[in-house]
Structures are given as C-alpha cells and as structure tokens.
Amino acid sequence: QVQLVESGGGLVQPGGSLRLSCAAPGIIFSLHTMGWYRQAPGKQRELVAAITRSINTNYTDSVKGRFTISRDNAKNTVYLQMNSLKPEDTAVYYCNARFSAHDYWGQGTQVTVSS
C-alpha cells in the first residue's frame with residue numbers, strides 16, 4: 001500500500017509563505033508525474049500545480065507567479081513553495097503521484113491564510 005505523506009501546512013497571515021513537502025516512499029518516484037491539489041470547503045478538488053518526470057510544470061492561473069513546484073528524485077520528495085498567500089488559498093492540500101495506471105494520494109495538509 002503506497003502512502004504519500006504531506007507536511008508543512010499551517011496557519012499563515014496574508015502575504016506570508018509556506019513550503020509544503022510530500023514524501024513518496026515505495027514507488028519509482030522518478031517515473032511519476034507529481035501534483036498538488038487543493039480542496040476548499042464546499043468546493044471541488046482542483047489541480048494547483050504539477051511537475052512531470054521531464055521537469056515540465058503547469059499551474060492553475062490563480063497561483064501563477066506565486067507558487068513553485070519542484071521535485072528531488074534522490075529524496076522521493078516533491079515540494080510546493082507558496083508565496084504571497086491569500087485568504088482564498090485556504091484549503092486542504094493533497095499530494096498526488098501518477099504513472100500509467102497508478103494513482104496515489106496523500107491524506108492532505110491544511111493550509112489556512114488568515115489575519
């Protein structure tokens with residue numbers, strides 16, 4: 001059973017920064033496209049950012065220029081650096097690993113942006 005483990009969430013003031021991490025033991029990490037999703041109360045889960053094994057990245061429009069996704073294949077870890085956070089970024093953030101028919105999720109980490 002593959003379990004992704006997120007960390008780094010918390011409470012931050014508007015304009016602040018957080019760095020999320022997701023460890024992915026037990027998979028051939030370098031082959032997987034890694035993604036960060038989020039789900040706010042009453043809303044559907046949405047893709048925030050993704051990074052392929054070729055280090056191609058894509059972002060949802062609302063976070064472009066503020067968030068950066070990166071990966072460290074040696075550590076089986078993907079990161080999401082979040083800067084200039086806004087209250088509308090408040091959500092549970094989930095890590096995802098995808099390759100062929102394999103699709104793995106973490107349990108989620110809460111990010112709350114509030115003064």
Contact order normalised by residue count of the chain, Cα under 8 Å, 6+ apart, percent = 37 percent
Could you give the dipole magnitude of the chain about its Cα centre, charging the beta-carbon of Lys and Arg +1 and that of Asp and Glu -1, in debye to the nearest 20?
-> 120 debye
Please give the peptides 46-54, 92-100 ranked by average Cβ packing (other Cβ atoms within 10 Å per residue), highest first, as a rough proxy for protection.
-> 92-100, 46-54
Rounded, prolate or oblate (a/c below 1.5 giving rounded, otherwise prolate when a/b exceeds b/c) for segment 29-90 by Cα gyration tensor = prolate
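Readers should treat all values here as calculations from the given coordinates under stated rules, not as data from a laboratory. Quick caveat: nothing in here was measured; it's all calculated off a predicted structure. So basically every Cβ, Gly included, is an ideal-geometry build from the backbone, and we count neighbours across all protein chains shown.
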